[in-house]
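J.: Can you keep this structure in mind? I'll have questions shortly.
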Amino acid sequence: MGKPTGFMEYKREELPYRDPLERIKDWNEFSVPLPECARMEQAARCMDCGTPFCQSGMVIEGLPSGCPLNNLIPEWNHLIYNDMWEDALERLLKTNNFPEFTARVCPAPCEGACTLGVIDPQITIRNNEMAVIERGFEEGWIKPYIPVKRTGKKIAVIGSGPAGLACADQLNKVGHSVTVFERSDRVGGLLMYGIPNMKLEKGVVERRLELMEKEGIVFRTGVEVGKDVMADDIKEQFDATVLCCGATIPRDLKVEGRDLDGIYFAVDYLTGNTKSLLDSNLSDDNHVLAKDKDVIVIGGGDTGNDCVATAIRQGCRSVRQFEIMPEAAAERTSENPWPQFPKIKKTDYGQKECIALFGNDPRQYCISTKSFSGTDGKVTSLNTIQIEWGKDNEGRFFPREIEGSEESYKADIVLLAMGFIGPEKDILNDFGIETDARGNVKAEYGIHTTNIDGIFAAGDIRRGQSLVVWAIKEGREAARECDKYLMGSSILP
């Protein structure tokens, strides 16, 4: 415990954001670091609990509680406070391959399980994590780790999202030769194209990828397994394969008028914008542009918020965000006790930008889209109805339409941000992989073996749409099991 009275002396101070009306003028990250002395004070608030729920990594009634990676949070908080930054970095990297990613995009289930959060604002765990990893890069403490000896085993990792990168990183550490196949033109999966630049600057991703290449990992971009290289060729050329292709089929909204132009999946909208930003600084016109247009985002999650922020930066005339679920409570309810992840209302960066620019929160709750209307084949409006949620005899929630609440909203662009329903099936069929009832790869959690000998699966392709931190966790576990398969045992955690 860095300072026994720290949690009483210091108040929570979150990472400050740039002014909303200033940051919407560019695509740079919206946060700015705290001074080192202030960060050390924030670390001093950690109570070093006898049972540190923050690092427990449990799932309670379907909700995460604590860090899935079991990050040694009290230990590196103690080290930060005592100005032992390099030691803090060593403890952080012991469990997390990519703290620079999770510190920026993870919703921090660790903070939701913080014991201090029962009586006071919780520790700024995520911000402390980012301070440690960025200090590590700034000081030159993070250097390529090149294995002294290679095992002679070759492994194919298919997909370069967080699960694939974590798996490749772990397998390379124990001396295997790893080739990562990525069908896109850049490595990183959703880290590169699915998350906007202002939330995760791509230089941060590229910095890590350059390090991994120096360590000996081979990245093959623009190669789609099943088309450019066949599954049988992969099996023949490699001693083992790990599927980390994600859950990339977006959930659609199949209502009247869905085929009108101007209706896009959120992932395609965000991908196109980021690719254009990286390729040409948005000058190539190879992306959907919301300038001077009325935009409606259907979906209230993080992806929907990213769409709001992107549309604002593109210069939209207006933006709304429709959510079919009711507005969350301002504080925990009795049905959502600590240390469960808090299901409370959060106003994220994009929504704050909308409030600052347009004077209103873009979100509307308990609203269902019934159809789209258009002119000359292009969407011009969507037609909605309000719903209310009730419970059936078995306690399950169900929506009920409110008669007379129909309304039409003008829309030039509609973005569907309703999540993903599972992995693409072509590659699974090519490898002969069995799926479960939800359409995900059938592979036991923690073991990650599929029905085909020598082929493993990790991340969203196995568990369904989830968090980056869970993808890293599964990538690490799959690497361990793959190493066991090849060598008979493993020193990987």
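J.: Multiply the residue gap between Val223 and Tyr365 by 0.36 nm, knock off their C-alpha separation, and tell me the result in nm, one decimal place.
T.: 47.0 nm
J.: Can you tell me the length gained on complete extension of the stretch Val32 to Lys425, counting 0.36 nm per residue apart and subtracting the Cα distance? The partial results should precede the final answer.
T.: Working: separation 393, 0.36 × 393 = 141.48 nm, distance 4.17 nm.
Length gained between Val32 and Lys425: 137.3 nm.
J.: Continuing with the same structure: Could you pull out the GluC sites (Glu not before Pro) across segment 1-85 that fall in loop regions by DSSP (anything but H, G, I, E, B) with no more than 16 other Cβ atoms inside 10 Å? Each step should come with its number before you reach the end.
T.: Numbers: sites: Glu9, Glu13, Glu14, Glu22, Glu29, Glu36, Glu41, Glu61, Glu75; in loops: Glu13, Glu14, Glu29, Glu61.
Answer in residue order: Glu13, Glu14, Glu61.
J.: Let me ask something additional. Can you compute the helix-only [θ] at 222 nm over the chain? Use -39500 (n - 2.57) per DSSP H run of at least 4 residues, normalise by all residues, nearest 500 deg cm²/dmol.
T.: Details: 17 runs with 162 residues, N = 493.
Helix-only estimate at 222 nm: -9500 deg cm²/dmol.
J.: Hey, what does the equivalent ellipsoid look like for segment 131-197, semi-axes from the Cα gyration tensor as sqrt of 5 times each eigenvalue, largest first, whole Å?
T.: Listed largest to smallest, the semi-axes of segment 131-197 are 22, 21, 8 Å.
J.: If I model a spin label at Asp19 and Val118 as a point 7 Å from the Cα along the Cα→Cβ vector, what separation in nanometres do I get?
T.: Each label point is offset 7 Å from its Cα along the Cβ direction, giving 4.3 nm.
J.: Taking a 20 Å limit on the Cα-Cα distance, which of the listed pairs Lys202/Lys346; Lys25/Lys293; Lys94/Lys143; Lys154/Lys473; Lys275/Lys346; Lys202/Lys227 fall beyond it?
T.: Distance filter (> 20 Å) returns Lys202/Lys346; Lys154/Lys473; Lys275/Lys346; Lys202/Lys227.
J.: Check each of the trypsin sites (Lys or Arg not before Pro) in segment 1-74 and keep only those in coil by DSSP with at most 11 other C-beta atoms within 10 angstrom; list them in order.
T.: Here the sparse-neighbourhood loop sites are Lys11, Lys25.
J.: Apply the Kirkwood formula to segment 207-299: the hydrodynamic radius equals the inverse of the mean of 1/r over all pairs of different alpha-carbon atoms; give it in Å with one decimal.
T.: So the Kirkwood estimate lands at 17.4 Å.
J.: Right, another one. Could you list the square roots of 5 times each eigenvalue of the Cα gyration tensor of segment 244-298, that is, the equivalent ellipsoid semi-axes, sorted largest first and rounded to whole Å?
T.: Ellipsoid semi-axes (Å, largest first): 22, 18, 8.
J.: Rolling a 1.4 Å sphere over the protein heavy atoms, what is the accessible area per residue of segment 390-493, to the nearest Å²?
T.: 50
J.: Would you calculate the separation in nanometres between label points at Ala356 and Ile324, each defined as 7 Å from the Cα along the Cα-to-beta-carbon direction?
T.: 3.3
J.: Please give the per residue accessible area of segment 149-266, computed with a probe of 1.4 Å over protein heavy atoms only, in Å².
T.: The answer is 39 Å² per residue.
J.: Using a 1.4 angstrom probe on heavy atoms only, work out the carbon and sulfur share of the accessible area of segment 129-273 in %.
T.: Solvent-exposed carbon and sulfur of segment 129-273 make up 46 percent of the total.
J.: Work through the residues other than Tyr445 whose Cβ is under 9 Å from its Cβ and net out their charges, Lys, Arg +1 and Asp, Glu -1.
T.: -1
J.: What is the gain in length, in nm to one decimal, between Arg12 and Asp268 on full extension, counting 0.36 nm per residue of separation less the C-alpha to C-alpha distance?
T.: Going from the current span to full extension adds 88.4 nm.
J.: Give the aspartates and glutamates reachable from Lys410 as a straight Cα distance under 20 Å; neighbours fewer than 8 places away on the same chain don't count.
T.: Glu256, Asp259, Asp261, Asp292, Asp294, Glu323, Asp361, Asp376
J.: Output the relative contact order of segment 343-448, whole-number percent, from Cα pairs under 8 angstrom with separation of 6+ residues.
T.: This gives 15 percent for segment 343-448.
J.: In terms of solvent-accessible area of protein heavy atoms at a 1.4 angstrom probe, what is the ranking of Glu256, Glu388, highest value first?
T.: On the way: Glu256 140, Glu388 80 Å².
My answer, sorted largest first, is Glu256, Glu388.
J.: Using a basic spin-label model with each label point 7 Å from the Cα along Cα→Cβ, how many nm lie between Ser373 and Glu444?
T.: 5.7
J.: Ratio of segment 44-154's C-alpha Rg to 2.2 N^0.38 Å, to two decimals?
T.: Normalised by 2.2 N^0.38 Å, the Cα Rg of segment 44-154 equals 1.16.
J.: Nearest 0.05, what FRET efficiency do Asn393 and Val148 give at R0 = 60 Å with Cβ-Cβ as r?
T.: Calculated transfer efficiency: 0.40.
J.: Taking K and R as +1 and D and E as -1, what net charge do the other residues with C-beta under 13 Å from the C-beta of Gln364 add up to?
T.: Here the count lands on -2.
J.: Sorted from largest down, give the three principal axis spans of the alpha carbons of segment 323-449, whole angstrom values.
T.: For segment 323-449, the Cα spread along each principal axis is 51, 49, 38 Å.
J.: Evaluate the charge dipole of the chain about its Cα centre and quote only its size in Debye, nearest 20, assuming +1 on the Cβ of each Lys and Arg and -1 on the Cβ of each Asp and Glu.
T.: With only Lys, Arg, Asp and Glu charged at Cβ, the dipole is about 500 debye.
J.: Taking only C-alpha pairs under 8 Å that are 6+ residues apart, what is the relative contact order of the chain in percent?
T.: Dividing the mean separation by the residue count of the chain yields 16 percent.
J.: Within segment 388-471, what whole-number % of the accessible surface is contributed by carbon and sulfur, with the 1.4 Å probe and all protein chains included in the calculation?
T.: 46
J.: Residues with beta-carbon under 14 Å from that of Asp412, excluding Asp412: net charge, scoring Lys, Arg +1 and Asp, Glu -1?
T.: +2
The values are calculated or read from the model by the stated rules, or taken from the named source; none is laboratory data. Just so it is clear, the structure is predicted and the values come from calculations on it, not from any experiment. FYI the Cβ positions are ideal-geometry reconstructions off the backbone, even for glycines, and counts take in every protein chain you see. All accessible areas refer to the heavy atoms of the entire protein, side chains included, with ligands and DNA or RNA removed. Shrake-Rupley method; radii C 1.70, N 1.55, O 1.52, S 1.80 Å.
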